[in-house]
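All remarks here apply to the structure that follows.
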Amino acid sequence: MAEFYSWVGESLEDHSIDTLRYFRSLFEEGIIRILSGRFGWEISDIERFIVRLGPALHDVGKANMVYQETVKGAEIAKKDPWFTWHEVFSAHICWKLLDALRFKGVVNKETEDLRKMVLASILFHHQGLRSLEYGLPPKVKLEAWDLPSLHVLLVRVLDEASAGTLSRKFLEEAISKCLEEFKDEIVGYSNIREVFKRVHEYILEHRSVRLKLYSVISGPLIICDWLSARKHRGGKGKNPLIDEVYYAYALEE
């Protein structure tokens, strides 16, 4: 199995799982209280799992082999890798996973708003750095995936996110269906902008006023993304705002 990297010397699996762990330890309970109050019901374990898909899958788009080659080249050249709009792939994979879970009867219509909130939190977790007009990669092979290795990565990350709510066997079956649909769909697009447009259209389709609550998930996700990067990248993961989070939560090691 190939090992994926989210940055030079930083494992994508480690980055994803630590982002999720920071999210759970620092923010999850507060987020669940807010969502329960706004939705008008107690958030179930399955709904908690759906919320965790945001931090768990936010960077999984970096498993695209174009980015993995970029990481290798950056390591040799001693520079930072760059793969703009990886979050579009991440959101698309999450969307297909949620479809697979719906097919298997785990999620239903009542979770539609929550699912869209999580997709929006992934799609826009770099919104301060992106625009549709600039920063798009000139050449991205949409079909460049090592799907068997991606399957293994997703099983490990989602098993952590599930925390026993769903069995590993169940997750493996859902991931297999997810990647099958993802592989079939992705070749139908000509560029990454089209992928973004389709995911964005789905999020806005029949949207409710609850969708604006996506920021309740995306804000903490952005912080936890930086916390995990700081842990694994050392000086490359430094950010003044995240320094304040470390001081506030006494996380400095």
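Taking every alpha-carbon pair under 8 Å whose residues sit at least 6 apart, region 5-249 reaches a relative contact order of 29 percent. Residue pairs exceeding 28 angstrom between C-alpha atoms, taken from Lys62/Lys177; Lys197/Lys231; Lys177/Lys231; Lys79/Lys197; Lys109/Lys177: Lys197/Lys231; Lys177/Lys231; Lys79/Lys197.
Here the alpha carbons of the chain define both size measures, Rg and Dmax, at 17.3, 53 Å.
Can you give the calculated 222 nm mean residue ellipticity of the chain, where each DSSP H run of n ≥ 4 adds -39,500 (n - 2.57) and the sum is split over every residue, rounded to the nearest 500 deg cm²/dmol? Present the calculation step by step, with values, prior to reporting the outcome.
On the way: 11 runs with 161 residues, N = 253.
The helix contribution divided over the chain gives -20500 deg cm²/dmol.
Taking the mean number of other Cβ atoms within 10 Å as a proxy for protection, how do you rank 12-25, 149-162, 45-58 from highest to lowest? Provide the component values of the computation, followed by the final result.
Numbers: 12-25: 21.6, 149-162: 19.9, 45-58: 23.7.
Result, highest mean Cβ count within 10 Å first: 45-58, 12-25, 149-162.
Long hydrophobic helices in the chain, taken as whole DSSP H segments with a C-alpha length of 27 Å or more on their own axis and mean Kyte-Doolittle hydropathy at least -1.0: 214-233.
We did not get these values from a lab; they are worked out from the coordinates using the rules stated. In this text the structure is predicted, and so the values were computed from the model without any measurement. Glycine also receives a Cβ, built like all others from the backbone with ideal geometry; neighbour counts cover every protein chain displayed.
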